[in-house]
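Here's the structure, in structure tokens; my notes come after.
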Amino acid sequence: MTPRDLLNTSSRLLTPPQRLLKPSSPPHFRVLSPKVSFTRKCHTYICVNNVSSTVSGRSVAEERQMSNHLQPVSEQHGQRRRQSSISLTGFFAISPPPPSDPSTIEADGGKWIRLPSDGRLVEYFVHGSTKTDAAILVDCPGGGCTGALVAKLPGVAEWCEAHNVKIISPSYPGFGHSEVRPGWTIGEWPKSDLEPILEQEGVADSFMVTGTSFGTPHAQAVAVYFGERVKVLGLRVPYVGRHVSEDVGLPLGQANMRYESKSCNTNLIGHVIGKAFMSTVSDPASFFDEPSGASRALISCLQPKALEQIKKLNNEHEDAMQCIKKDMNRGVVVSGQGWLYMCATDTLLDHKFDVRDIKKNKTNIPVIVWYAEDDEDCPPSHGVWLVEEFGGKSRLFSGLGHVGAAFVDHVKFLDEVRMAA
């Protein structure tokens, strides 16, 4: 079975858990109050559709006594984490990773904020100029990367100082030390995650925004949400969401992984796919080295030419590739759940905004689009369409594939963005 076959099976839903665990089963089942929902690891205490199963070997009386001390979902990790958009309860629920430690973020040179909307802790990085009059650039990193990466790319830190630019780059839910949020959508990210960060950093005026790969729909969403505050939109190896691509006759911008955030936590196939997928991405840097086993099979399945292109990039752009590898491993330092929920269709493809709405907010926003004609990840037709739709400036890469077109000459890209602002 290929990785693609494995992933495709996630769309076939099994019988719901409550049919597998009938109240008529052995007498260790008992009914709970319908308003109570507990969350614990499924090997210790299970709550499925208000029916609980004691599987730890404790007596019913012991379990009843323990249940008095269990916390409701909304109180997990103390009072500081509210219930996520996907209920992580049930027999097949994937346990969330432990809460992040802000001191670890600070030790990495980052900053953090606890969001008022749902109590999540989000890390972000501020790079470049420390002057009060510095131009602000919001960087939306590529998939699997964190906000720490951009300033580590060759020449970027020096470029920021030379041109008095401050870069603010958040890490997406589940990556680095940003706490996971199953079921998050890109269209709501500017309001839920980015806006509180900008307020904390005192950014009240206009700013530039750039995005790479998975970060490009985030950058588009930022332009839609903030409107005229966005001075320029820079996109590298971009794609647009499923609604727009289907409406204008483009192929899907990303592979349809055929599972949703909810299915990972509510049925057996989704749970197995989720666990297998997280195992595959446990060492993402190996994708850019000499991948083997499941990692190599996954890359060969999704991007047949990528292995040869990566070998070329490692030889010709060793410094940048080392930075990317290190940061991608930092992305899974807590868990692989960032990858799991990023690749779910309700996040990866269904963005819940329309990039064409940028025109409704500001018709003359400059758009810079760099893309690759041999991109096997984000179809080049999406780059072509964005250039035509917004009359943007473009650069076409060839021979470097998706990864090369995502970072080669990044200082020149940033300079083009700055001059267009």
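The values are calculated or read from the model by the stated rules, or taken from the named source; none is laboratory data. Remember, predicted model here, so these are calculated numbers, not experimental data. No Cβ is skipped: glycine too gets one built from the backbone with ideal geometry, and neighbour counts run over all protein chains shown. Accessible surface areas use protein heavy atoms only, side chains included; no ligands, DNA or RNA. Shrake-Rupley method; radii C 1.70, N 1.55, O 1.52, S 1.80 Å.
A few remarks follow.
- Matching entry among PRO196, PRO190 (being outside any loop (DSSP other than H, G, I, E, B), open to solvent by 10 Å² or more (accessible area, probe 1.4 Å) and closer than 30 Å to LYS262 by Cβ): PRO196
- Selection status of SER171, buried (at least 18 other Cβ atoms within 10 Å of the Cβ), under 23 Å from VAL232 (Cα atoms) and touching a residue at least 40 places away in the same chain (Cβ under 8 Å): yes
- Hey, LEU250 open to solvent by 20 Å² or more (accessible area, probe 1.4 Å) and of a type in the set (A, V, I, L, M) or not: yes
- Residue in region 407-419 that is modelled with pLDDT of 95 or more, surrounded by fewer than 22 Cβ atoms within 10 Å (Cβ to Cβ) and assigned to a loop (DSSP other than H, G, I, E, B) present: yes
- Residues that are more than 22 Å from PRO366 (Cβ to Cβ) and of a type in the set (Lys, Arg), drawn from region 185-231: LYS191
- Output for region 139-170, where each listed residue is touching a Phe, Trp or Tyr at 6+ places or on another chain (Cβ under 9 Å) and polar (S, T, N, Q): THR146, SER169
- Filter result for LEU149 (over 10 Å from the mean Cα position of the chain (by Cα) and surrounded by 24 or more Cβ atoms within 10 Å (Cβ to Cβ)): yes
- Test: residue in region 355-376 that is under 24 Å from ILE186 (Cβ atoms), β-branched (Val, Ile, Thr), open to solvent by 30 Å² or more (accessible area, probe 1.4 Å) and touching a residue at least 24 places away in the same chain (Cβ under 8 Å): no
- Qualifying residues in region 101-137 (those that are part of a loop (DSSP other than H, G, I, E, B) and hydrophobic (A, V, I, L, M, F, W, C)) - the one farthest from GLU416 (Cα to Cα): LEU115
- Selection count, region 231-247, where residues are in contact with a Ser or Thr (Cβ under 7 Å, 6 or more places away or on another chain) and either open to solvent by 10 Å² or more (accessible area, probe 1.4 Å) or hydrophobic (A, V, I, L, M, F, W, C) (or both): 3
- Condition broken by GLY215, with the remaining ones in (1) open to solvent by 50 Å² or more (accessible area, probe 1.4 Å); (2) within 25 Å of VAL411 (Cβ to Cβ) satisfied: (1)
- Members of region 258-270 found to be open to solvent by 10 Å² or more (accessible area, probe 1.4 Å) and closer than 25 Å to GLN303 by Cα, listed by number: ARG258, GLU260, ILE269
- Residues that are touching a Lys or Arg at 6+ places or on another chain (Cβ under 6 Å) and under 16 Å from LEU414 (Cα atoms) were ranked within region 127-146; the one that is surrounded by the fewest Cβ atoms within 10 Å (Cβ to Cβ) is ALA134.
- Positions within region 202-220 being under 14 Å from the mean Cα position of the chain (by Cα) and either part of a helix (DSSP H, G or I) or under 17 Å from LYS359 (Cα atoms) (or both), in sequence order: GLY215, THR216, PRO217, HIS218, ALA219
- Selection from region 126-173 of residues that are among the aromatic types (Phe, Trp, Tyr) and over 22 Å from HIS317 (Cβ atoms): TYR172
- In this structure, LYS311 does not satisfy being farther than 19 Å from GLU388 by Cα, in contact (Cβ under 8 Å) with a residue 40 or more places away in the chain and assigned to a helix (DSSP H, G or I).
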